[in-house]
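Please read the structure below before turning to the comments.
The values are calculated or read from the model by the stated rules, or taken from the named source; none is laboratory data. This structure is a prediction, so every number in the text was calculated from the model and none was measured. A quick note on method: Cβ atoms are made from the backbone with ideal geometry, for glycine too, and the neighbour counts reach across all protein chains shown.
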Amino acid sequence: MVRRMETADLNAVAAIWLDTNLKAHAFIPSQYWKRNYEAVKGMLENAEVYVWEDGKGIQGFVGLDRDYIAGIFVRDGEQSRGIGRELLDFAKGLRSVLSLNVYQKNSRAVRFYRGEGFEIRSESVDGNTGEPEYLMEWRH
């Protein structure tokens, strides 16, 4: 089920953020993610975040900043089970337009978002990592 993140969820959500980024973005040095962990944890605490939870706990989450998806993250071992799609559908139910940035080298994520109706609107380089990325958008 999808629900709003609570304060007690913060450590689990931050751990999923770190682990997923380390695995999905092997083309970025792991120190980048580890160095930003505490700052992101602080941002998550005050952000609009929705978690996907089952009997085993929190398995994934989506973070929103107005119409921007700051990220969808699903715990390793729970991916490809529809959790990401359910989180995205939940976000689509809250907004009529959504945009996001995704690293071009993260082909799995690019395929996922294209399959969910997102279109590439522009290309740029992430100033923090130097990696090329797409700005993708979905409209209801």
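Structure values in brief
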read-out	value
Some residue of segment 37-50 being under 23 Å from residue 80 (Cα atoms) and touching a residue at least 12 places away in the same chain (Cβ under 8 Å)	yes
Test: residue in segment 122-137 that is closer than 21 Å to residue 17 by Cβ and in a helix (DSSP H, G or I)	no
Looking only at segment 18-35, and only at residues there that are touching a helix residue (DSSP H, G or I) at 6+ places or on another chain (Cβ under 6 Å) and hydrophobic (A, V, I, L, M, F, W, C), the one that is surrounded by the fewest Cβ atoms within 10 Å (Cβ to Cβ)	22
Residues of segment 29-52 that turn out to be at pLDDT 95 or above and touching a Gly at 6+ places or on another chain (Cβ under 9 Å), as a count	5
Selected residue (only one of 38, 86 is of a type outside the set (Gly, Ala, Ser), under 27 Å from residue 9 (Cα atoms) and more than 16 Å from the chain's Cα centre (by Cα))	38
Restricting segment 1-13 to residues that are touching an Asp or Glu at 6+ places or on another chain (Cβ under 9 Å) and surrounded by 14 or more Cβ atoms within 10 Å (Cβ to Cβ), the residue that is farthest from residue 129 (Cα to Cα)	2
Subset tally (residues that are in contact (Cβ under 8 Å) with a residue 60 or more places away in the chain and exposed (fewer than 12 other Cβ atoms within 10 Å of the Cβ)) for segment 118-136	1
Cβ pairs under 7 Å, 6+ apart, first in segment 1-24 and farther than 20 Å from residue 36 by Cα, second charged (D, E, K, R)	1/53; 2/86; 3/53
Residue selected from segment 67-79 under the condition surrounded by fewer than 19 Cβ atoms within 10 Å (Cβ to Cβ) and farther than 18 Å from residue 113 by Cβ, by the criterion farthest from the chain's Cα centre (by Cα)	77
Total residues in segment 96-115, condition surrounded by 15 or more Cβ atoms within 10 Å (Cβ to Cβ) and farther than 22 Å from residue 23 by Cα	2
